[in-house]
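Trainee: Structure provided below as structure tokens; questions to follow.
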Amino acid sequence: MAATTPLLRLLSPLLATAFFLLPGISAVDPTDPSSNATDFIRSSCSTTLYPDVCYTSLSRYGSAVQQDPGQLARLAIAVSLSNAHRTATYLSNLSREAETGADQGAAAVLQDCFTTFGDAVDQMRRSINEMRHINSQETFKFQMNNVQTWMSAALTNEDTCTEEFDDVPDGPTKTDVCDRVGNVRKFTSNALALVNTYVNSVTNATGSP
């Protein structure tokens with residue numbers, strides 16, 4: 001139990017960071033008839049690996065996003081971070097239970113998975129902070145390269161979390177964890193795709209190499 005405490009202290013402010021990004025957004029009416037905004041989100045989501053998940057999770061924020069690819073990318077990261085935070089808390093609780101439960105074989109793997117997943121959460125937090133502080137056009141490429149690197153690393157860490165279970169016999173714990181982490185991975189993958197789209201749109205508009 002003590003081993004998970006430092007990471008839990010780290011995770012606690014992360015969800016607040018995600019929602020701090022969205023003042024007023026969560027109050028947007030999901031039935032807003034702004035067809036231009038929802039069409040933009042649908043079109044943007046079509047470039048992701050999980051377009052249905054993307055559109056379902058982001059379309060309710062059409063009034064806030066409008067047709068701004070940067071805002072859409074930031075929101076997608078925040079949604080991914082929110083889901084990752086909940087899963088990290090779940091993994092922490094499950095890890096403690098496994099230490100004394102019947103599924104002893106998964107206990108050490110759960111701890112490793114939790115630690116790796118915590119790294120992914122931190123990388124998403126750093127990505128949001130970086131996008132909230134784009135200083136100028138001159139630093140855009142450098143800062144967004146950071147975001148792309150961190151989101152790619154978060155995706156890799158989520159994969160690593162489930163790969164920890166490759167040698168664990170099939171069972172309810174393994175299935176549950178892999179399903180939950182796999183679901184978060186869809187949000188992270190979509191967020192990275194929207195970040196890439198945003199970078200490309202700015203690069204094309206400015207003619208930067």
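Trainee: Which of the residues belonging to region 47-71 are in a helix (DSSP H, G or I) and more than 17 Å from S201 (Cβ to Cβ)?
Mentor: Of everything in region 47-71, those that are in a helix (DSSP H, G or I) and more than 17 Å from S201 (Cβ to Cβ) turn out to be P51, D52, V53, Y55, T56, S57, S59, R60, Y61, G62, S63, A64.
Trainee: So A120 fits all but one of (1) out of contact with any Cys (no Cβ under 9 Å at 6 or more places or on another chain); (2) touching a residue at least 12 places away in the same chain (Cβ under 8 Å); (3) not acidic (D, E); what number is the exception?
Mentor: With respect to (1) out of contact with any Cys (no Cβ under 9 Å at 6 or more places or on another chain); (2) touching a residue at least 12 places away in the same chain (Cβ under 8 Å); (3) not acidic (D, E), A120 is out only on (1).
Trainee: Continuing with this model, one more query. Give the residue, chosen from G182, G207, G171, that is in contact with a helix residue (DSSP H, G or I) (Cβ under 8 Å, 6 or more places away or on another chain), surrounded by fewer than 19 Cβ atoms within 10 Å (Cβ to Cβ) and at pLDDT below 85.
Mentor: Values: G182 fails: at pLDDT below 85; G207 fails: in contact with a helix residue (DSSP H, G or I) (Cβ under 8 Å, 6 or more places away or on another chain).
Answer to the check: G171.
Trainee: Continuing with the same structure: Do the conditions hold for V79, that is, is it within 30 Å of E164 (Cα to Cα), modelled with pLDDT of 90 or more and surrounded by fewer than 18 Cβ atoms within 10 Å (Cβ to Cβ)?
Mentor: no
Trainee: Also, I was wondering about something else. Can you pull out the residues in region 37-52 that are buried (at least 17 other Cβ atoms within 10 Å of the Cβ) and over 13 Å from V195 (Cα atoms)? Step through it out loud before you land on a result.
Mentor: From region 37-52, those buried (at least 17 other Cβ atoms within 10 Å of the Cβ) are 37-38, 40-41, 44-45, 48, 50; that's our starting set.
Matches in region 37-52: A37, T38, F40, I41, Y50.
Trainee: How about region 117-144: which of its residues are within 13 Å of T203 (Cα to Cα) and of a type in the set (D, E)?
Mentor: Once the filter is applied, which keeps residues that are within 13 Å of T203 (Cα to Cα) and of a type in the set (D, E), region 117-144 yields only E138.
Yes/no per residue for (1) closer than 19 Å to L81 by Cα; (2) touching a residue at least 24 places away in the same chain (Cβ under 8 Å):
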position: G171; (1), (2): no, yes
position: V181; (1), (2): yes, yes
position: R185; (1), (2): yes, yes
position: A193; (1), (2): yes, yes
position: N200; (1), (2): no, no
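Trainee: Would you please name the residue that is surrounded by the fewest Cβ atoms within 10 Å (Cβ to Cβ), looking only at residues in region 59-76 that are in contact with a Leu (Cβ under 8 Å, 6 or more places away or on another chain) and within 18 Å of M151 (Cα to Cα)?
Mentor: Just the residues of region 59-76 that are in contact with a Leu (Cβ under 8 Å, 6 or more places away or on another chain), to begin with: 61, 64-65, 69, 72-76.
Filter once more, keeping what is within 18 Å of M151 (Cα to Cα): 69, 72-76.
Values: P69: 18, L72: 27, A73: 28, R74: 24, L75: 24, A76: 29.
If we take residues in region 59-76 being in contact with a Leu (Cβ under 8 Å, 6 or more places away or on another chain) and within 18 Å of M151 (Cα to Cα), then P69 is surrounded by the fewest Cβ atoms within 10 Å (Cβ to Cβ).
The values are calculated or read from the model by the stated rules, or taken from the named source; none is laboratory data. No experiment lies behind these values; they were computed from the predicted model shown. Ideal geometry is used to build each Cβ from the backbone, glycine not excepted, and the neighbour counts take in all protein chains shown.
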